[in-house]
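Below is one structure, written out as structure tokens, with a few remarks after it.
We did not get these values from a lab; they are worked out from the coordinates using the rules stated. This one's a predicted model, so the numbers in the text were calculated from it and none came from an experiment. Cβ atoms come from the backbone with ideal geometry, glycine included; neighbour counts cover every protein chain shown.
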């Protein structure tokens, strides 16, 4: 007659723990592993031109809106046209190898295929201009672009992350003249004052973003 | 029958309570609606392409997408921000002024040009659907020679050789066949053609022409003048087979003017009447505020559906009715001046016999017109013979309307011969071997030329036949050469609007398939080289208006027109018009025997003459009266079908003048007895994968009515024989789709008792005056009256559609003024009005009979205290218990969006349906799916008939989501995919929807649509990039298994809110946000705005005495209020 060896009793005794642990493991993996915080944050594709925001926005201190000039009046912040690059690079670093793609584009009229970093699902409609008008600064969503050699995604850009701010906007609101200030420190007290002054109440309706 | 006793029905099946109807009613969707069989047969191959990478881009981070900016961004071009450009579309020689919305260089939406008085922002269904046509993958992509593909260079070389050979002969043997055009640029190119190749011939043909009108003017005035009606000044309008609000080229403008005069408030809802003066509601004068429309016609047109009085007469009898009208006017003392000839004798015969309906109609009309001399209009339709038109000119002159409500301008091209004559001469010349080369510019004569001419065999005698068109259509397939034509949205050109003003055609996009426009081709033949198209257009402008400076030209391009260039009214001198006399035999009223029936061929309101046959939006658009999609049918009145022993869906053979056509019968209420109407434009065999293509094996949609034509396409002819074949044919009609449910229908029908029967006495427990309960026994007459009153009052349809006469409405307002009378008048207006006054005992019985009755009426709220939601918990319901809700009321701090739809103004033109489809990326599903009740239109127009099926009255009711406060859909969604926004919208979150369809099941209005298939993706694969271009990027493209519905164009709301916020957080102005349906409504029947703003037009409309909610008793409290239809019948004319 077959008897289970005595050590199998350990399995019996720990089975509950194993199953429970397994479930917990799956739950943790799914929750954190599939979270946009894991999958999306830190996405840093290689761009066709080794453009450095750290130099342009950081060292040189060029305002964001010099290149992303539609951001205050349109939904898209718009990648600048090649002609914008050539405003300066027609005169400086005219022979740089790194800028070959830019010069080619300018001469041929073909677009530079910049790789999209911040990408929302197509059923989510985000508008830059209205956020700027409300006093949400660039760095609130994009992070310290002025420190990035190559741009990467700083925030998860998930719906929960959006709603965090829509539900609790105070810390993220700043005066209109500080929108592009990369060194801005969040100030919830000032934010609350600005919100009240300007009558801003972020919407949490589905149709605000989904149409 | 008075209006308030109306029983409304949507179809004859419903009227007869047939088994089919009951089944349709019982089921949420028709049987088999959720099965997948028949997928392969479906014709949604052409339905627009795959969703814009929805699946791939949604969550998958690692798929690399690129952003490709301009190397140099054009001025005023902001990525993602739409630009608007003005252009125009020419149909039948008349321009429709348009404004196009273009996203990133991609035109996506057509709207009317607000600057132009002929549009005022409204656009026809044809123009709006041009977007789908532009991106149609079936469009011709390259030249062909004998069916074999050729390059553009080869074609142009061949064209050059042809031109050179004819240039040597001064153009002899060269002929052009164009559509009727009044483009000054083409006229200028033609002039140059004439000077270089003087012997070349130019023919213009249009199957749906208005030649009768032009010939009639020639007859009356000796020259072709164009007649304009100023309906804003017309108090009385009489249309004789004239569809002024439908197929008339000036219909958009006339509909606006007409509708303004259909509101008893006199214009808007803001207390200002149509003349801009303050409106005095206490002193309503129906005679001057509302117009009155009389229509005499054979088939039900848009105009007929809006009429106060409509007399269905066979088209051949319409002239007799006009002659009778003239005789009646003369009898009233109007004298026909010498210059106009002698008056028409009154027609004899039973039709206009002493006690006949036609006689009464004509007399009442004559009386009314006589009283309104100088402020009335008599109009005759384009397909009536010229003598009838001449007579109408004379009657307008007699009534003193000329120069006031009836204006004349010169026709732009006085020398043009009629289409009928033109095509006949061309065929004659081809048969006489006089034509060596025929260039067909954007036409399809093989399909739409009268079959009696046998255009095909004549074309066979032509050595070089060249077809230039949008599609490789029937004609292209028999021509030697074919080349693609540039779409009007890809071309430079110009055209003249109906008022004669100069309109610009400018390209929105470079030709997708390297086509050339008709203007360029004409100019090529004139000069031998391809010229700059903009310069050609400008040459036309110079010829028409004189040289414009660059700045003026830029302004014209910006405005889409040169303002102030409308034709100047002329006063043509009359000629003697011979009197029309009709003998009794000609106009006998009785139904003619089979074989002597009348056939009326008319242009289809959806696909026109067939040129839009491959446009899926238009094919699937339910025809406004029959609610047919994807088909035409032989329309006959119920009396005619009874006499012939056929019914809707039966196949029959129509035979006239030796020509036959097998088609399907449709029993059409309101069609004149003995008249059979069949729409042209169907049965295409060379349209494409949508409309039918014999080469690809796609069966034709509908039946080719041109097969029955002998010398002209439209008009009427007698001698029709109808014989049943013994087969049936499935018709995809939406009249009985989206019905209200059984409970409602039972309630609606109540328990009707037959007054001629006797019933056992019934005893009720009644509370007497002393508070004691006593038993009261009711005997038959009282019982019948009480039950029938309850049945009427419980009528649920009265909760859906309401209409009253002007005098009833006046009485109602008087009752309101006298506060105590309000309740009774409300009752009268909406329920048991017209009923005998009940005795005390009757009244008790009445109470007993509907102890639980909830004859919901909402005129209680809204009156005198602003917008609806004053005290949401206490919606006043007169005569019923207070409505209580289990749900906590929503509260609103900001906007409360609302809509009002005025049934008095709506003419049912369908423009809003196409606007909605275009704006919201709504898919087309194909005939088989429509048969299953799966059509996707978010906005439908419910068409209700009432009264005698031979001459019913019509109410049109556009129904989209009414955005209930306590929305039944929200309460049952298990995943919160439909939720209430804090601005009162029922938001639809497509990405949350899991497709349970509970919401649709629970929707009492049936406005939700389910994606049974991935309609936007071609199941068979393939490259759908072209069709993708037609999508509105502001609206999500829904995938399979998702429920969708109207959201008040929430993307437009958000866009304006963002603009206002960015613009220093200014408040949104009333009227700033317009929904797509509202924007294009020619009748201005739809208003949208903020109910929180008491001064908004929509608040005022909601506060109107006419305002009511759908299915009020359900306590769903919709945000869309309807305004009851008020008609203005002639008191003299009590219709049977």
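As a rough guide to protection, the peptides B:984-992, B:297-305, A:179-187, B:9-17 ranked by mean Cβ packing within 10 Å, highest first, stand as B:297-305, B:984-992, B:9-17, A:179-187. Relative to the longest principal axis of the Cα atoms of chain A, the long axis of helix A:188-198 makes an angle of roughly 60 degrees. Annotation: the protein assembly as shown has a Kirkwood hydrodynamic radius of 34.2 angstrom, from the mean reciprocal C-alpha pair distance. If you sort the three axes of the alpha carbon gyration tensor as a ≥ b ≥ c, you get a/c of 1.5 or more for the range B:925-974 and a/b no higher than b/c, which makes it oblate. In plain terms, the residue of B:630, B:887 with the fewest other Cβ atoms within 10 Å comes first and the most crowded comes last, giving B:887, B:630.
In chain A, the DSSP-assigned H stretches of four residues or longer account for a calculated mean residue ellipticity at 222 nm of -10500 deg cm²/dmol, using -39500 (n - 2.57) per stretch and the full residue count as denominator. For peptide B:982-994, the mean count of partner chain Cβ atoms within 10 Å of a residue's Cβ comes to 3. Other protein chain C-beta atoms within 10 Å of residue C-beta, averaged over A:115-128: 5. Each peptide in B:943-951, B:407-415, B:614-622 was scored by the mean count of other Cβ atoms within 10 Å over its residues; highest first, the order is B:614-622, B:943-951, B:407-415. Normalising the average separation of contacting C-alpha pairs (under 8 angstrom, six or more residues apart) by the number of residues puts the relative contact order of chain A at 24 percent. Is the C-alpha gyration tensor of the range A:64-119 telling us rounded, prolate or oblate? Criteria: a/c under 1.5 is rounded; beyond that, a/b larger than b/c is prolate, otherwise oblate. Cα axes put the range A:64-119 in the prolate bin. Extension gain, residue B:1072 to residue B:67, is 358.5 nm, computed as 0.36 nm per intervening residue step minus the present C-alpha separation.
Would you mind computing Rg(Cα) / (2.2 N^0.38 Å) for the range B:70-164, counting N as its residues?
Compactness ratio reported: 1.47.
Net length available on complete extension from residue B:759 to residue B:148 is 212.0 nm, with 0.36 nm assigned per residue and the Cα-Cα distance removed. For the pair residue B:534 and residue B:192, the difference between a 0.36 nm per residue extended length and the Cα-Cα distance amounts to 121.4 nm. For the listed peptides B:254-265, B:364-375, B:313-324, B:704-715, a ranking on the average number of other beta carbons within 10 Å per residue, highest first, reads B:313-324, B:254-265, B:704-715, B:364-375. Note on the range B:74-127: semi-axes of the ellipsoid equivalent to its C-alpha gyration tensor, largest first and rounded to whole Å, are 23, 11, 9. Arranged from fewest to most other beta-carbon atoms within 10 Å of their beta carbon, B:912, A:64, B:1049 become A:64, B:1049, B:912. Note on the range A:1-111: the C-alpha convex hull projects to 14.9 nm² when averaged across all orientations. Each principal axis of the range B:941-1056 carries a Cα extent, and these read 52, 37, 33 Å when sorted largest first.
Counting Cβ atoms of other protein chains within 10 Å of each residue's Cβ and taking the mean over peptide B:1033-1046 gives 1.
If a/c stays under 1.5 just call it rounded; otherwise compare a/b with b/c (prolate if a/b is bigger, oblate if not). Do that for the range B:650-726, with a ≥ b ≥ c from the square roots of the Cα gyration tensor eigenvalues. It comes out prolate by the Cα gyration axes. Exposure proxy ranking for B:1000, B:694, based on other Cβ atoms within 10 angstrom of each Cβ and starting from the fewest, stands as B:694, B:1000.
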